[in-house]
Every structure is written in structure tokens, then in C-alpha cells.
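For reference, the structure is listed below as C-alpha cells.
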Amino acid sequence: MDLETGVYQNYAKKESWRTVLILAYQSLGVVYGDLSTSPLYVYKSTFEEDIQHSETNEEIYGVLSFVFWTLTLVPLLKYVFIVLRADDNGEGGTFALYSLLCRHARVNSLPNCQLADEELIEYKKDSIGLAPQSSFGSSLKSSLEKHRVLQRFLLVLALIGTCMVIGDGILTPAISVFSAVSGLELSMSKEHHKYVEVPVACIILIGLFALQHYGTHRVGFLFAPVVLIWLLCISAIGLYNITHWNPHVYQALSPYYMYKFFRKTQRGGWMSLGGILLCITGSEAMFADLGHFSQLSIKIAFTFLVYPSLILAYMGQAAYLSQHHIIESDYRIGFYVSVPEKLRWPVLVIAILAAVVGSQAIITGTFSIIKQCSSLGCFPRVKIIHTSSKIHGQIYIPEINWLLMVLCLAVTVGFRDTRRMGNASGLAVITVMLVTTCLMSLVIVLCWQKSVFLAIGFVFFFGTIEALYFTASLTKFLEGAWVPIALAFIFLIIMCVWHYGTLKKYEFDVQNKVSINWLLSLGPSLGIVRVRGIGLVHTELVSGIPAIFSHFVTNLPAFHQVLVFLCIKSVPVPHVKPEERFLIGHIGPREYRLYRCIVRYGYRDVHKDDMEFEKDLVCSIAEFIRSESVAPGSVNEDLVKDDDKMTVVGTCSSHTEGVQMREDDADKIEAAGPSELKEIWSPPPVIKLRKRVRFIVPKSPEIDTGAREELQELMEAREAGIAYILGHSYVKAKQGSSLIKKLVINYGYEFLRRNSRLSTYALSVPHASTLEVGMIYHV
């Protein structure tokens, strides 16, 4: 599948208001599902243990004031008006901020980066490449570029935020569905209710995860209407409660009530902030899901619908509770108690649907961020299935899906109450926000080139608010908050071990690569018999000859007439345009028929299927041969190591005026061609083949005889077939290494390697055309 044609339209930013409003409507189901269901559990979690609802109403008014100002300052002010502007070519999230910083400060966790990558269109955005205006910005940039410790700290900070997002993907479905189902408590006795609530929640969660492989696009059209109906429902109920029970509840929006709240509750009030914090769960989704929508559409949806609906919902609950102080039992403070009795069952159904939608959004977001980590070499390779051929970003990861389900069920069955689930979820949410605040302060200085005092003000203002909630959440460590810390620690260890092992393996490849001079000394035949066909030697190196090839040459009596050293790598941009996909160059003289091909993907790009990829690869090599013939040393050439000249070549669809390749049945080929093009045919085969290959080359400008012969040989090799040569490496710590390194490499990395998938490229390779050779790497 190829989703490239739809990725680069940027449809949302330059379209009409009608398109923006449609996107704002669609964003309700994807972005705001989690945030909109928070009224189900905020008051219940807040009044669960640390504070009591009294007849003075100081507690409920203080909580309402905190909720109002937290929603106003964090989602509205911080995210809508500031953080959304820090997009990475339209993409958002923790890795988008990290990617921006990597490019501006030339800090990169990927080992095989090249100067040619900096010429990518999406790499050069805004003021990239310009020195920061302030002296502090310049010194900060140089410090990041010089000190590896700072680079690793920046990477670990981004990974911590990522791990907490994964933890949120486990906790959010549990608390959302469990809180929605808790509406059953008003229809039965507490003795019966505790035996019904957990099984019903588990059944819904199992069904939710079991349906993930179908993809959200099949039921996605229902998401936005469900969330819209839910928002209208809670705002209408809130408005009814305000007018019916306490029209003066709006006075509690004054910050003065926060002061009264702390004055009365003191330490208990501070500890209860962990429950109030839950009112902003899902705010990070506005930034993380930016790539599917636009800044304006997300701002409109939140500012004019989600924000006022949530405020009315919280005010309505406070208005009802301010007139109801005699609580029959401890579970009566909650969302459903403020719903008129005749509406409770319909509202319960809508709440469960909204909770499922919110859970679906965070699960999909977890899949997406794990794919980004894997692309940047920070997570073991997993099987990624694209569930939609039309909608970009709709992916499904089976292993992660079932792991999330098991952990989510464990949390639900283990905790069985919203208080401990809320403590766990709150810590995960606020940690992600703190990481975003830290990274944003660097973006303000390095990327936006603003004053350092503005960055300090940003960190001080929002960091103080988030630190207050963070410390309150940490006090609940033994009451559930340990779960996200434990999960984040496990995932962080996995990511760091995998990243460290990957770097060491690449360093070994670089140190043991074969000199090109050695290869050239073998002569055009490489000292062996060259047989028909194309040999693709997969390597992580962007320059030089991998050591595994010398192993082939030494042990194999024959090799293919066309050899391509293929490197498929990720670059720190969300997408690479099709016209910049390939970097191609000759290795040695033309008659050697040796090519280096570097295929570049962004961290959110979709890798093509093998047949489409093969066609693009061969066609791009043909276009490189033609362009080199008509304009030697032409534009878009970048010098890399070992003096290999690499030329930027796009996919077949991106150079329609260049070489095009056709593959036809041998007995159905027609000799006619376009008048402005001329065809180069492969000679009739001795044995009838299933496919014949032809290149359609523009008549003007004329290519020389050498290029024509090279194209002819490439066609013959394509018809004979493609063989894939893959290296299978075993990484071991060398003698004399420290105990920690031996544990990390010999046991940690090796365990992850054995239990992870092959690369996406290797997965799609036909097994009959594959040759694997094992090597032991001592790093």
C-alpha cells in the first residue's frame, strides 16, 4: 500500500472555512474523547479520601475553582495558544518536539545521518540553519552539539514522556470504561454492584481490544457524533443543574475560593489535587494528534465546544452537590448522582460509548508513538499493520495491542475503584505535560529564537502549576501512583537497551567496513563469476562496503550482474516527499554495475509493499543512469563519505517526465510506444519468462551509448529476478567489557533481538529469494 500521495496535501491549512469546520467536527472523536469523559470521575476521585463534602460548600467551590482555572491555563492557554504552534511540519507530540530540537541543534540519535538529509524540504523549515539571535541561544546550541551527555539527557527526557504516554494507553481505557459503568451503582445495591461493575468493564475492554485489528476507519464515522452527543448531553445537564439547584455557583470560579479551599483543608486539600488533575487528562492529545488535522480546526473545536461544555458540566455537578450534603454512602458523590433520574439509563449508554471512543483514541495514539520510537531506533521492531489504504496513520500493532489489553485488565481487576486508577492515571498525565514544558522551553530558544527570559517565564509559570500537581500525585505512590512509574521504568529500560545495542552494532559495522579500494582492486568481475539478476545487499551503512559482503565474495563462487547496496533508514522528519525518497550513486566505475541506494523514510511514513518497492527501486536506478548520462555532475548531488557521489532521485510517480518502467506478459507485448518517448527493450529470452521489462525513456535529451548499455543490462537483470542478501548478526560484548555492558548486550539486547520482528524491509522479502548469512559482532 502506498499512502504517500495523500500525505503531503496539507489540506487543512489552506482550505476554506467549510473544510476547517469539518475537520473540527471530525477531531471531536479522535482528539477529545478522553478529555470529554473526565467529568465521569473527577469529583468522585477528589472527594474519595482526602477531603469531605461539608455544608459550608467551601470544598466543592474550591474544587470547582481549581478545575476551572486548570482547564483554562493548561489545555486552553498552554496547548491551544502556545504548544500547538511548535509543530514539526504539521506533526505534533513528544517526538515532534524532539525532532525539531535535533534538527536545529544538529543533535541526532540516529547514527547513519548524512549532510544530504539536511537538504530535505521538510528538514529546512522556518529558520533552520540560522544561528539563534541571542548569545545564550548560541551557547546552548553549541553545548548540545558538543556534549554527548546533554544529548543523551535530551533523548532520555523524550523517552520518559513517551513511556508515560504508553502507560496512559493502559490506564485511560481502564478508568474511562470503569467510571462509565459505575453508573450501575444507582440501580442496584452496593453488595450486588461490586460483583457486576468489574466483569462488565472487563467484557467491554476485551471487546475494545479485540476489535482493534479492524482499524478505526471502519467505525470512525461514529466517533465524532458520539462525542458531540456526549458533550451536548453533559452541558445540557450542567445547565439544568445550575438553573435548578444553584444559579450563583458561577461565583466559585473566582480564584479566592482556591485560597479558602486550602485554608480549610490544608494538607488534605493539597493531596486531593491528584483527583482534580484528572480534569485535564487527554489534553496532550490535542498536540499528539495534530498530524491528522490542523491547528485551526483543533483550536476551534476546543475553544467553542469542548471547553464551554466541560465548564458547564463541572459547574452543574458542583451546583447539585452544593445543595445535597447528606450522602447516603461514599460512592454517591460522582457524575451520575447529578443526572436527573429519568435520564440516567440513556446517559449511561452514551457515557459508555464515549468512554470507548476516548479509549480508542489513546490506544491508536499508543500504536503511533511506538511506531515513531521504532523508526528512530528506540524500540524493538514490531509488526505494524496499516488498517487503511486511504487514511494515513491508521495502524495496528498486534503484540502491543494484546500487551495493553492484559495490563489494562490487570489494572481494572487489581484496583477495582476509580481512586487508585485516578492516582495512577494522573501521575502519567502530569509527567507527560512536564516533559512537554521542558522541551518547549528549548524550542522557544533554539527554534523560535525568542528571548531566554520568555523561555524561563514559560517554564516557571506552567512548570509551577504542573509541579504542584506532580508532587500531589507522588504522595499517592502506594495508592496506585506506583503503576505508571513501574510501567515507565520497564519500557524505558527496554528502549535504552535497544538503542544502546543498535548504536554499538552500527559502530562495529563502521569500524569493520571494507575499503572501496579493496573492492576496485578485484576488477569489474569482482574476481568471481557474475550471473544474471539483481543482488540487493541490505546494510545499515550509508558509506563504505559492509563486512558481510567480503564474507560473501570469499565464500561464494558467483554473484549477480547488478549489485545494489541498499540502506533503508529513518530521518528525523515526519515525512519524506516521494521526489526525495532515494539517494543513488555508483560505487566505482560504471562498468562494475555497483550501486549504492539509500532509501529515506520519515518517522511517520508508510513503508511500501515489496512489489511496489522493487519497481520504484529499479525505476529510480534507471532514472539515475539517464540523468547522469545527460547531465554528469548535475544538481542535487551531495558528497558523502568515501567520495561516493549521491544523486537525489524520486519514486516513479514523482518523475513522470523521466524514465518509466513497464512490466508485461511476454506474449502480450505491443511494439508501439508514445511519440515523444522511445522504448528500450530487453532482448527475447531463450526460455520464455512470465514478465518482460521495458524502460520508456524521453527522446530528449539523448542518452549516450554507455548509459543505453547500462539500462539494457539493468532490464535483463530485473527480468532474471532479484535476490535479497540479509545479514543475520549476533551481538556479543567483547572480552574485558564491564559487567553492566555484558548484561546489557549479551542478555538484554540479545533477548530483545531474538523476540523482535525483522525489519519492515526483511518482512516483505520473498523467502525463496532470500539469502541470510550470520555473523558475530563483538562490540
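Taking every pair of distinct Cα atoms and averaging 1/r, then inverting, what Kirkwood hydrodynamic radius in Å comes out for segment 366-426? List each step's numbers first, then the result.
Details: mean 1/r = 0.0743 Å⁻¹.
With all distinct Cα pairs of segment 366-426 included, I get 13.5 Å.
Work out the FRET efficiency for Phe304 and Glu145 from their Cβ-Cβ distance, taking R0 = 45 Å, and round it to the nearest 0.05. Mind showing how you got there, number by number?
Details: r = 43 Å, r/R0 = 0.96.
So the FRET efficiency works out to roughly 0.55.
Rounded to the nearest 0.05, what FRET efficiency do Ile385 and His551 have when you use their Cβ-Cβ distance and R0 = 35 Å? Kindly include the intermediate steps, with their values, before the conclusion.
Values: r = 34 Å, r/R0 = 0.98.
Here the calculated transfer efficiency is 0.55.
If you take the Cα atoms of segment 135-177, find Rg, then find the Kirkwood Rh from the mean of 1/r over all pairs, what is Rg/Rh?
On the way: Rg = 16.6 Å, Rh = 12.5 Å.
Answer for segment 135-177: 1.32.
Greater than 22 Å separation of Cα atoms is the criterion. Which listed pairs, Lys44/Lys264; Lys371/Lys577; Lys141/Lys450; Lys371/Lys615; Lys371/Lys741, meet it? Present the calculation step by step, with values, prior to reporting the outcome.
Values: Lys44/Lys264 20 Å; Lys371/Lys577 19 Å; Lys141/Lys450 14 Å; Lys371/Lys615 25 Å; Lys371/Lys741 27 Å.
Long pairs (Cα-Cα over 22 Å): Lys371/Lys615; Lys371/Lys741.
Taking only the alpha-carbon atoms of segment 224-271, what semi-axes of the equivalent ellipsoid follow from 5 times the gyration tensor eigenvalues under a square root, in whole Å, largest first? Let's see the in-between values first.
On the way: eigenvalues 178, 51, 14 Å².
Computed over segment 224-271, the values are 30, 16, 8 Å.
Along the Cα→Cβ direction, 7 angstrom out, place labels at Val529 and Leu478. What is the inter-label distance in nm?
With each label point 7 Å from Cα toward Cβ, the separation is 7.7 nm.
Å³ per residue of the Cα convex hull, for segment 251-310? Could you put the intermediate results ahead of the total?
Details: hull volume 6.0 nm³, N = 60.
Roughly 99 Å³ of hull volume per residue.
Go through 273-281, 512-520, 334-342 and give me the packing order, highest mean Cβ count within 10 Å leading. It would help to have the intermediate numbers written out before the result.
Working: 273-281: 27.4, 512-520: 15.2, 334-342: 19.0.
Descending packing order for the listed peptides: 273-281, 334-342, 512-520.
What does the extension gain come out to for Thr243 and Gln449, with contour length at 0.36 nm per residue minus their alpha carbon separation?
On the way: separation 206, 0.36 × 206 = 74.16 nm, distance 4.92 nm.
My answer for the length gained is 69.2 nm.
Using the C-alpha gyration tensor of segment 403-557, what are the square roots of 5 times its eigenvalues, in whole angstrom, with the largest one first?
Rounded to whole Å, the semi-axes are 53, 25, 11.
Between Ile490 and Arg85, what is the label-to-label distance in nm when each label sits 7 Å out along the Cα-to-Cβ direction?
4.1
How far is it, in nm, from the label point at Leu211 to the one at His728 when both lie 7 Å from their Cα along the line to the Cβ?
Modelled inter-label distance: 4.1 nm.
Could you sort the peptides 142-150, 469-477, 254-262 by per-residue average Cβ neighbour count (10 Å cutoff), highest mean leading? Intermediate values should be presented prior to the final figure.
Numbers: 142-150: 12.6, 469-477: 19.4, 254-262: 16.6.
Highest to lowest by the protection proxy: 469-477, 254-262, 142-150.
Any number yet on Rg/Rh for segment 17-122, C-alpha, Kirkwood?
Details: Rg = 21.0 Å, Rh = 18.1 Å.
Radius of gyration over Kirkwood radius for segment 17-122 works out to 1.16.
Taking every pair of alpha-carbon atoms in segment 12-63, what share in percent sits in each 10 Å bin, from 0 to the bin with the longest distance?
Going from the shortest bin to the longest, the percentages are 20, 28, 19, 17, 13, 2.
Bear in mind these aren't lab numbers, they're just calculated from the coordinates by the rules spelled out. Since this is a predicted model, take the numbers as computed values, not measurements. Neighbour counts are summed over all protein chains in view; Cβ atoms, including those assigned to glycine, are modelled from backbone coordinates with ideal geometry.
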